[in-house]
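Working notes, structure below.
The values are calculated or read from the model by the stated rules, or taken from the named source; none is laboratory data. All values reported here derive from a predicted model rather than from experimental measurement. Cβ sites come from the backbone with ideal geometry, for glycine too, and all protein chains shown count toward neighbours. Ligands, DNA and RNA are excluded from the accessible area calculation, which covers all protein heavy atoms including side chains. Shrake-Rupley method; radii C 1.70, N 1.55, O 1.52, S 1.80 Å.
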Amino acid sequence: MRIAVIGAGVVGATCAFELAERGAEVVLIDRVGIAAETSSRCEGNLLVSDKAPGPEAELAIHSNARWRALAERLDAEREGGQPETEFEAKGGVVVAFPGGEEALRRFAATQRGIGVRAEELGAERLLAAEPHLSPEVVVAIHYPDDAQLQPSNATQALAAAAIRRGARLVVAEVTGSRAEAGRIAAIETTAGAIEVDAVVNCAGPWAGELGRRLGAPLDIRPRRGVVLVTTPMPQRVFHKVYDADYVGAVGSGDATLQTSTVVESTPGGTVLIGSSRERVGFDEHPGVDPVRAIAAKATRLFPFLEETILLRSYFGFRPYAPDHLPVIGEDPRVGGLFHATGHEGAGIGLAPATAELVAHAVLGAPTSLDPVPFLPGRPGIGAAA
């Protein structure tokens, strides 16, 4: 089966790998290249701690388990100087300041009900786990299954693994499609036409526009996020640590600037500090307001950061769906067109489960996941052409 996967970010690369491994003839298409946009402009979070019980949490739990074996496999297959995925099963610590402790405890209790490991740390254990954390913190929940990887490295590794299994990469922009008998038969690109049996739209924040070009627009909007990076230092943050208000920011539909604190060290010694969210279209000029707000909250969480030198900041666009659920499955309007987008900031963490659902939809591969909550035909996702 000839399948075009459009978008070479982490979701597209994982789908290409999954489909190629199952014997499909895959062409991975991106207008810029592998991991050139969203997947190289994020923190590489693999979180279960921020997911309330529901369909997305099931995806996260499933993906979290798959990532452990997948990262090990990708690292074992490395060749030609390819970097490691830098997968770290470091665990997460979610904290609350005075006034937020009961809400955090209630949230953790609901997660335990779906099998997420969430253990409250007493003062002594918290001090041992994160000795540089602010003494203002009154409650901390440890999530041992939270993890992290280097997102650009992992995306490159997935694409390389797909290519080793017969996929080919085309750097071109998709401009349209040609249909026969109500199904996509070819896609038009700036590098020429490519005949296909199916197309998977993995264009992230640009998936709505790509859908329009293929005859099935989606209500997927860009949500801009900023991340700060410090100069390298001896390790002083030992888990992925974030303020419980991050969960509310993730689930908010507010278009204005929202910030919440996420702090973690990298194998290279730098500290990544996030995060911000705002819907401003594809405006590439975030200014200093997000940086100022993120820095102020981060220094409250880890006071030592106040004396730390900021090396740089970067921003990216994340694919926002109005109902906060990824869009995965076959489009009801155009035969042979499938979507895998709308993950917002969780695309890294949800990529393996997403690819499994795509393989189920396109090839009929088995899955234990319920695809129904993510289908493109649900209300409010298909936009008017």
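Quick notes on this one:
- Residue 1 accessible area, assembled protein chains, probe 1.4 Å, Å²: 90
- A 1.4 Å probe over all protein chains sorts 341, 256, 299 by accessible area into 256, 299, 341, starting with the largest.
- Overall form of the stretch 310-385 per C-alpha gyration tensor (a/c, 1.5; a/b vs b/c): oblate
- Helix axis angle, 10-21 relative to the chain longest principal axis, alpha carbon, degrees: 50
- Mean projected area (nm²) of the alpha-carbon convex hull when the stretch 162-294 is viewed from all directions: 11.8
- Residue 283 accessible area, 1.4 Å probe, all protein chains in place, Å² to nearest 10: 60
- Helix 101-112 axis, angle to the chain major axis (alpha carbon atoms, nearest 10°): 40
- Every pair of different Cα atoms in the stretch 1-81 enters the Kirkwood calculation, which places the hydrodynamic radius at 14.5 Å.
- For the stretch 76-200, the Kirkwood hydrodynamic radius comes to 19.3 Å, computed from all pairs of different C-alpha atoms.
- The convex hull built on the alpha-carbon positions of the chain has an orientation-averaged projected area of 18.1 nm².
- Per residue, the convex hull around the alpha carbon atoms of the stretch 111-160 comes to 123 Å³.
- Charge tally in the Cβ shell below 9 Å around residue 2, where Lys, Arg are +1 and Asp, Glu are -1, residue 2 excluded: -3
- Residue 189 - accessible surface, heavy atoms, 1.4 Å probe, Å² rounded to 10: 10
- The smallest convex shape that holds all Cα atoms of the stretch 1-146, its convex hull, gives 157 Å³ per residue.
- Degrees between helix 289-301 axis and first principal axis of the chain (Cα, 0 to 90, nearest 10): 50
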